[in-house]
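Down below is the structure, laid out as structure tokens.
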Amino acid sequence: MGPRLVIFGRQGAGKGTQCAFLVDHYGAVHVSTGDMLREAVAAGTEFGAQARTFMDAGQLLPDEVMVGVVRERLGAPDVADAGFLLDGFPRTLPQAEALCAIVAVDLAINLEVDEAIARERMLARGRGDDTPEAIEERLAAYASQTVPAIAWFESQGNLVTVDGIGTPEEVSTRLVEAIDRRLGE
Ligand code: AP5
Ligand code: MG
């Protein structure tokens, strides 16, 4: 069984960027709820159309919807064998509690990048939901809804914080060091 990891970090922190490296390094499955929703939008499903209205506004989808999506994905055989790296979930306290009822998480990582740099990175990236209005909405939702989920993992002694500033390679090295140290304990 591979590692079961959660990666937190505000929008634009570089979660997706680092997950591409980390899943390769650890052989775990990248489970990105944002990527899954964008795939549903691209596939033109009814669910995708509903998801799009939330995403374009920078708002979170309802907890029960996202918990259902993640429960199904984590139940697939590839994840059971290889472990997972959850990116974009949980992002509320109810999602965190639901996750821990579904599966035991080995470690949560908080990839820390301040708001000003996260804004710059998102504006440079220019994804469909990277409009100035949606960026502000998403950053505000992070502060009010996701920070309590991070605090919950921390209160359980199951969180490590890693500085996300630097080149992608520097950040990757820091992440692997922090993860290996904690998983080796
Ligand atoms: P999601 O796709 O999760 O988007 P997000 O939270 O806005 O996070 P990002 O993907 O913007 O940030 P990232 O940390 O992955 O940064 P990246 O690696 O791209 O969610 C989208 C939407 O889906 C949500 O708004 C919501 O509506 C919905 N949703 C998803 N999950 C949900 C849930 N659980 N509950 C409810 N709703 C949900 O990096 C950013 C940029 O910086 C890139 O251009 C990258 O090249 C660059 N970069 C990365 N690292 C570095 C570096 N070290 N130095 C310089 N540049 C860098
Ligand atoms: Mg991402």
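Taking the accessible area of the chain, probe 1.4 Å, and keeping the other protein chains in place, the carbon and sulfur fraction comes to 53%.
Here, P(r) means the percent of Cα pairs in each 10 Å bin from 0 to the largest distance; for region 95-144 it is 20, 40, 27, 14. If all Cα-Cα distances of region 47-185 are sorted into 5 Å bins from 0 onward, what percent lands in each bin, rounded to whole numbers? For region 47-185, the binned pair fractions read 2, 8, 16, 19, 20, 19, 12, 3, 0 percent. Each Cα pair under 8 Å and six or more residues apart adds its separation to the average, and for region 1-111 the resulting relative contact order is 50 percent. In the full protein context, region 1-85 carries 47 Å² of accessible surface per residue, based on a 1.4 Å probe and ignoring ligands, DNA and RNA.
Surface analysis of region 120-185 yields an accessible area of 56 Å² per residue, using protein heavy atoms and a 1.4 Å probe.
With a sphere of radius 15 Å drawn around the Cβ of Ala42, what net charge do the other residues whose Cβ falls strictly inside it have (Lys, Arg +1; Asp, Glu -1)?
-2
For region 1-57, the Kirkwood hydrodynamic radius from C-alpha pairs, put into Stokes-Einstein at 37 °C and a viscosity of 0.692 mPa s, yields a diffusion coefficient of 256 µm² per second.
Taking the Cα centre of region 53-185 as reference, the dipole from Cβ charges on Lys and Arg (+1) and Asp and Glu (-1) amounts to some 120 debye.
A probe of 1.4 angstrom, applied to the heavy atoms of all protein chains, finds Glu137 with accessible area near 80 square angstrom. I want the local charge near Pro94. Using Cβ-Cβ distances under 14 Å, sum +1 for each Lys or Arg and -1 for each Asp or Glu among the other residues. Taking every other residue near Pro94 into account, the sum is -1.
The values are calculated or read from the model by the stated rules, or taken from the named source; none is laboratory data. The model shown is predicted, which means the values in this text are computed figures rather than measured ones. Please note: Cβ atoms are built from the backbone with ideal geometry, for glycine as well, and neighbour counts cover all protein chains shown. Surface areas here come from the heavy atoms of the whole protein model, side chains and all, with no ligands, DNA or RNA. Shrake-Rupley method; radii C 1.70, N 1.55, O 1.52, S 1.80 Å.
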